[in-house]
Amino acid sequence: MEQLSLFDNRKQTVPLASRIRPASLEEFVGQEHLLGPGKMLRQLIERDQISSMIFWGPPGVGKTTLASIIAGRTRAEFINFSAVTSGIKEIREVMAQAEMSRKMGQRTVLFVDEIHRFNKAQQDAFLPYVEKGSIILIGATTENPSFEVNAALLSRCRVFVLKALEEKDLMRLLRQALSHPMGFADQKVQITEDQIRAIAAFANGDARTALNTLEMAVLNGEITPGGMVVTDDGLAQCISRKSLLYDKTGEEHYNLISALHKSMRNSDPDAAIYWMCRMLEGGENPLYIARRLIRFASEDVGMADSHALQVAVAAYQACHYLGMPECDVHLTHAVTYLSMAPKSNALYTAVEACKRDIRNRQAEPVPLWLRNAPTGLMKELKYGEGYEYAHDTEEKLTHMQCMPEGLKDRHYYHPGEQGEEASVRRRLRKIQEWKSKEREEESYGTEDGETLHPAE
């Protein structure tokens, strides 16, 4: 065991999180769903029967710590590898060493931190060695492995999902740091339960953030004859701004915009405002949010309230003119309006159904009567012949067929009963009934009857 001397300044130069890193499963905090008594991962580690696996979870939840615990327990050769500092050359050198060890009957466990940073070619370099058992690969990633790890490599690994630590777990970890020999056991730190709870809440599930904040609070505490006192004012400076987990190109980005979209769709303005603010506080470009609101206005509100599109576009313009932080209230205005607006996805279903027909059916020519005839030749070919000008009729309607022959009875837009779309539904039904009646009269002869004005 490493010994400290009077001249050893490790406690001053090494971060607290590294100094007190757990060396055993008994010291490990959190992840009970994986490491509780009888759980699969715990049994694999205790029996030294690990196979290739991926640890996926947010920062500071114990991925690297689990790898170090495995390194301390396994009888295999353990190699720690960083995707940040290594390339193809280093991978091949390690693989050659592992292959030689395999031939001598020695297993090799290779831990790759931040495996998502490896490109496809680098990940492919691991594949043949994983397949033939030269290495047992343990990867750690904060990104969704479904997107960031090659499918072939991922299929040969078991994925374990690590969760953000709960507040009670972080409080337990902070108390351990205060009594740990490599922590603050010799400084007699005086800190209240409320202060520990405040640090745990600020850390947002991240053990590293919690320990770094505690270390900062202790270093900035007041020295008294009774020990180091953590003051409320000093702690307040350490936790003045929470650092939210948010990667504008990663999975959390899509998780949050999905939560915003679905909250508005469910007419829940409070939840929608919360998710919007989470994105803004995480550093999201307000124009991105505004663009998504514009899409929502037509996809989920549509003709039920056509003013929704105007509000969303106005919010985008306001964000463009003002920027952050002033434009947050304009986004809140739009998010609230869209949440409370009547909902209809009739426009979305219409365009999707139409696109399916275009992709799957023959592309029929435009009927001659719908074509313009700017040249003599086009007129000779009967372009425009039979066109009926709707404004020349009393009803502002004609019986002219505008669809291609193969789609003449096809309907894409089916208005709902919400908001203003209810009146659109009634009007469309009157138009369809009028056209249907006109076709019947053409087929069986004109009959006297009441004139219908569907355009009214």
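The values are calculated or read from the model by the stated rules, or taken from the named source; none is laboratory data. Given the structure is predicted, the values throughout are model-derived calculations rather than measurements. Note that we place each Cβ from the backbone using ideal geometry, even for glycine, and neighbour counts take in every protein chain shown. Side chains are part of the model used for accessible areas, which takes the heavy atoms of the whole protein and leaves out ligands, DNA and RNA. Shrake-Rupley method; radii C 1.70, N 1.55, O 1.52, S 1.80 Å.
Could you tell me whether any residue of the stretch 277-289 is under 30 Å from A353 (Cα atoms) and either in a loop (DSSP other than H, G, I, E, B) or open to solvent by less than 40 Å² (accessible area, probe 1.4 Å) (or both)?
Start the filter on the stretch 277-289 by keeping residues that are under 30 Å from A353 (Cα atoms), which leaves 287-289.
Narrowing the set further to residues that are either in a loop (DSSP other than H, G, I, E, B) or open to solvent by less than 40 Å² (accessible area, probe 1.4 Å) (or both) leaves 287, 289.
Among the residues of the stretch 277-289, at least one is under 30 Å from A353 (Cα atoms) and either in a loop (DSSP other than H, G, I, E, B) or open to solvent by less than 40 Å² (accessible area, probe 1.4 Å) (or both), which makes the answer yes.
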Looking across the stretch 225-245 at residues that are outside any helix (DSSP H, G or I) and open to solvent by 50 Å² or more (accessible area, probe 1.4 Å), the single one that is farthest from V29 (Cα to Cα) is P225
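In this structure, does G419 turn out to be modelled with pLDDT of 85 or more, over 30 Å from V301 (Cβ atoms) and not hydroxyl-bearing (S, T, Y)?
Details: modelled with pLDDT of 85 or more: yes; over 30 Å from V301 (Cβ atoms): no; not hydroxyl-bearing (S, T, Y): yes.
No; evaluated as a whole, the condition is false for this residue.
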Quick count over the stretch 273-309, residues being out of contact with any Gly (no Cβ under 8 Å at 6 or more places or on another chain) and over 20 Å from A422 (Cα atoms), is 22
All-but-one check, F160 against (1) aromatic (F, W, Y); (2) out of contact with any strand residue (DSSP E or B) (no Cβ under 6 Å at 6 or more places or on another chain); (3) more than 30 Å from T231 (Cα to Cα); (4) surrounded by 17 or more Cβ atoms within 10 Å (Cβ to Cβ), failing number (2)
Filtering the stretch 27-49 down to residues that are open to solvent by 50 Å² or more (accessible area, probe 1.4 Å) and under 13 Å from T65 (Cβ atoms) yields E27
task = Determine, yes or no, whether E394 is open to solvent by 40 Å² or more (accessible area, probe 1.4 Å), out of contact with any helix residue (DSSP H, G or I) (no Cβ under 7 Å at 6 or more places or on another chain), in contact (Cβ under 8 Å) with a residue 40 or more places away in the chain and not in a helix (DSSP H, G or I).
result = yes
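K168: in contact (Cβ under 8 Å) with a residue 60 or more places away in the chain, open to solvent by 10 Å² or more (accessible area, probe 1.4 Å) and of a type in the set (D, E, K, R), yes or no?
Working: in contact (Cβ under 8 Å) with a residue 60 or more places away in the chain: no; open to solvent by 10 Å² or more (accessible area, probe 1.4 Å): yes; of a type in the set (D, E, K, R): yes.
The answer is no for K168.
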Residues of the stretch 145-155 being of a type outside the set (F, W, Y) and loosely packed, with under 15 Cβ neighbours inside 10 Å, in sequence order, are S146, A151, A152, S155
Note on R208: of the conditions (1) in contact with a Gly (Cβ under 7 Å, 6 or more places away or on another chain); (2) open to solvent by less than 20 Å² (accessible area, probe 1.4 Å); (3) not in a loop (DSSP other than H, G, I, E, B), unmet is (2)
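What about G445, is it at pLDDT 85 or above and open to solvent by less than 70 Å² (accessible area, probe 1.4 Å)?
Numbers: at pLDDT 85 or above: no; open to solvent by less than 70 Å² (accessible area, probe 1.4 Å): yes.
So G445 does not fit the description; no.
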Over the stretch 126-158, the set of residues assigned to a strand (DSSP E or B) and either touching a Ser or Thr at 6+ places or on another chain (Cβ under 9 Å) or on the phi > 0 side of the Ramachandran plot (or both) is I136, L137, I138, G139, A140, R158
Those residues of the stretch 287-301 which are without any contact (Cβ under 8 Å) to a residue 40 or more places away in the chain and under 15 Å from S344 (Cα atoms) amount to I294, R295
Looking across the stretch 344-360 at residues that are among the hydroxyl-bearing types (S, T, Y) and touching a helix residue (DSSP H, G or I) at 6+ places or on another chain (Cβ under 7 Å), the single one that is most open to solvent (accessible area, probe 1.4 Å) is Y348
